[in-house]
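Below: the structure, in structure tokens.
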Ligand SMILES: Nc1nc2c(ncn2[C@@H]2O[C@H](COP(=O)(O)OP(=O)(O)OP(=O)(O)O)[C@@H](O)[C@H]2O)c(=O)[nH]1
Ligand SMILES: [Mg+2]
């Protein structure tokens, strides 16, 4: 979709003035877009995702102006994207997102305390010929420093109205609202946004910086492009002659004296017009992109179909520029330089600066990034997060389990014995329980991530840890997701969105589930407490070893992936260190809620579906005893005290040992599968009962404990600490009388759980984040192989040494 | 000399960016264009990356990336070398 579409809808809207308008908020990261968005909409907004990608899309109606809808775009530094977030912002601006409505206007949020760099994007956006309004946010910081900005002069220079605001206190927001209203009004009146000119400026044509090709004024450009488009058809495959003719009479661009580079840029712009690659309004932006290094392989313009002739010409242009400048410069870089030169002049004119002082941020950073203290602060921060995840979430998780248990009881009481009741209790409710029980941890983690991000510490954490991550071929930003993985891989994988490079992001996603998440803890505890009684130091040591194994494997695998399947240049670590700011708790809570809800709805549905399938596998075929079907417990159930009760009742009615829930499970499809794979897992030291536990665990590893309880027919509620299960495990024996669980088998089993990807939620979220089944399948395969190999080496190696 | 060779507190002026380095374009978009004054503010605890002050804000980048930026020293006296 191109800009044409938005222009036509805009004029179509003239007749029905009731049509709502969509205004986009763009700006550099941390410029205060979301804060202003919340102010403008009054915190009433909907969060969804852009079609096909996982970048969040917030949209809400402007308070007091219901016909105006505002959408908060992800932060970006320029129109040449380097991360999925930046890509979506750029594509929305250009109207390239399939199925998304084009914007009717743009509000560029500028951090006024960092004017020069923020204006880089603002001026690029202003040239897109969409109705544009510029907001100088953070005016409090500017005045606090003793600086001043002449907003009127700035407006004149940029060719767009400028409003000053303080997002955090709301100063200027009313003025912003009416400015947006005026912008929409004038678009409506003129009917064609290309005609929209802010009253207080002479428009884009008056810019002292000139775009790198002749289409200077929007109206002239539009008309000219149409004319050229017709005659350009013939020139499409033709030589440079035609194009040169077409650009004859063009005004020499002011920004560059080098005739060759000037020619290059207008050539590319001409190519864009000749091939009608895009509507006239976006010609500048696309030409710039096509001039950028590696333009022909840029993934972000891949959707723009470049005809073969066009590709050839472009490649030739690139080669020529490369040769002309000895590979040192490109037209693209010159364009950036020219824009900054112009912006420096503008900023010098509009801004008066007080002498530089040492800021509070600097003072904090002296500690937070100090050689010794920096590490200490970092360790303390992470310690705090973990402590709270585990201690605060505990009562909530218990509460959720109780509620799930009550629900199961309710269903049990309401429905008569039968398949429907078993399905609801052991399939649906138990599956839901598996998802919801981690909800508190996920919320707390997201809350901390939001607070860290908002305060500015997140960037410091990445700064401090980057060296460590570089060793694994990763980016400093990978550290936080990997660390979050100790709690749960799902939010961790969602947190990888801040990693700009796709390969680095994928690598981080692929290794994150190797970090021991909290769902593995019950298994470690069960094995250690059953098989290593006594020495608390040994127990703690084994536990630590499991966490260390996961972490080291994750880093090694990352290194391996980065050198093989996800080979690419070392990730760049060009990252802004924003000033520290007091985070706003309301915004952080809202953010936490939006993201956590996404987890519930997106991962939740898949997990419940799969839980039901696994339930059926454990439920069928039914065992017939005296012609009465018995409702046996399911291994997937972690909330099935009711089912146990019923089994007890069933046993009482038909006193037959064969009806024990364990028996039903054993001869179910899942049980058969467990037995079927016994030869495969015997080299790891596992028998078929463990095989059933392993199979059931592929839904979610934490069901292992509950499953083993069912397999061994432990009657009371499965609990890690419950001694009957531990006793059973200690006593379990092979047919020849050897003990099944030796300490070596325990270690082998734990190693399997460290390395295996037994978590539907993780696979579901990876599917979502990568938008294909390829990566979750790959993840599942490599981790299962790793787990098998790991267990094999431990068990067989241990036996060689005579342990076991 | 290159940007990674400046020590903490030293100032420099960007002379040229190595176009063959993949991040040159982004560095320029972030304001690091020829002629810009930069100062190394601090170095991460483990020696890499570095934190520079450019156009009034803090930017961190790895030494390997800083190596692609040629700078001229600006001494406190103001003389460029
Ligand atoms: N002092 C001050 N702080 C502000 C102002 N506006 C926003 N902030 C703070 O700046 C930080 C960043 O604000 P956000 O609204 O999250 O910025 P954003 O542009 O949405 O950032 P991204 O979503 O990362 O691109 C938050 O801590 C805000 O509280 C302001 O006018 N003055
Ligand atoms: Mg935001």
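The values are calculated or read from the model by the stated rules, or taken from the named source; none is laboratory data. Fair warning: this is a prediction, and the values are worked out from it, not measured in the lab. Neighbour counts run over all protein chains shown; Cβ positions are idealised from the backbone, glycine included.
Report yes if residue B:15 is within 15 Å of residue A:116 (Cβ to Cβ) and within 13 Å of chain A (Cβ to nearest Cβ), otherwise no.
Judged against the criteria, residue B:15 is not a match.
Read through the list (1) within 25 Å of residue A:456 (Cα to Cα); (2) not assigned by TED's automatic domain parsing to the domain that holds residue A:457, then give the number of the only condition that residue A:348 fails.
So the condition that residue A:348 fails would be (1).
Only one of A:577, A:514 is in contact with a strand residue (DSSP E or B) (Cβ under 8 Å, 6 or more places away or on another chain), outside the structural domain of residue A:777 (by TED's automatic domain parsing) and at pLDDT 90 or above. Can you tell me which?
Among A:577, A:514, only A:577 is in contact with a strand residue (DSSP E or B) (Cβ under 8 Å, 6 or more places away or on another chain), outside the structural domain of residue A:777 (by TED's automatic domain parsing) and at pLDDT 90 or above.
How many residues are touching a residue at least 24 places away in the same chain (Cβ under 8 Å) and over 17 Å from the mean Cα position of the chain (by Cα) when one looks only at the stretch A:468-486?
First pass over the stretch A:468-486, keeping only residues touching a residue at least 24 places away in the same chain (Cβ under 8 Å): A:470-478, A:480-486.
Checking which are over 17 Å from the mean Cα position of the chain (by Cα) leaves us with A:470-473, A:486.
Number of matching residues: 5.
Looking at (1) outside any helix (DSSP H, G or I); (2) within 16 Å of ligand 2 (Cβ to nearest atom), find the lone condition where residue A:459 falls short.
Going through (1) outside any helix (DSSP H, G or I); (2) within 16 Å of ligand 2 (Cβ to nearest atom) one by one, residue A:459 breaks only (1).
Might you let me know whether the stretch A:83-106 holds any residue that is within 11 Å of ligand 1 (Cβ to nearest atom) and modelled with pLDDT of 90 or more?
no
Can you give me the number of residues within the stretch A:69-95 that are assigned to a helix (DSSP H, G or I), more than 12 Å from chain B (Cβ to nearest Cβ) and away from ligand 2 (no atom under 12 Å from the Cβ)?
So the answer is 8.
Pull out all pairs, ordered by first then second residue, where Cβ-Cβ is under 7 Å, the residues are six or more apart or on different chains, the first lies in the stretch A:21-36 and is on the phi > 0 side of the Ramachandran plot, and the second is assigned to a loop (DSSP other than H, G, I, E, B) and within 6 Å of ligand 1 (Cβ to nearest atom).
Matching pairs, first to second residue: A:27/A:75; A:30/A:75; A:32/A:138; A:32/A:167.
Can residue B:52 be described as assigned to a loop (DSSP other than H, G, I, E, B) and either more than 8 Å from chain A (Cβ to nearest Cβ) or on the phi > 0 side of the Ramachandran plot (or both)?
In short, no.
Out of curiosity, is residue A:474 more than 14 Å from chain B (Cβ to nearest Cβ) and touching a helix residue (DSSP H, G or I) at 6+ places or on another chain (Cβ under 9 Å)?
no
Go through the stretch A:563-587 and count every residue that is within 24 Å of residue A:509 (Cα to Cα), in contact (Cβ under 8 Å) with a residue 40 or more places away in the chain and crowded, with 17+ Cβ neighbours inside 10 Å.
7
Any chance you could count how many residues in the stretch B:25-39 are crowded, with 24+ Cβ neighbours inside 10 Å and more than 7 Å from chain A (Cβ to nearest Cβ)?
Of the residues in that region, 1 qualify.
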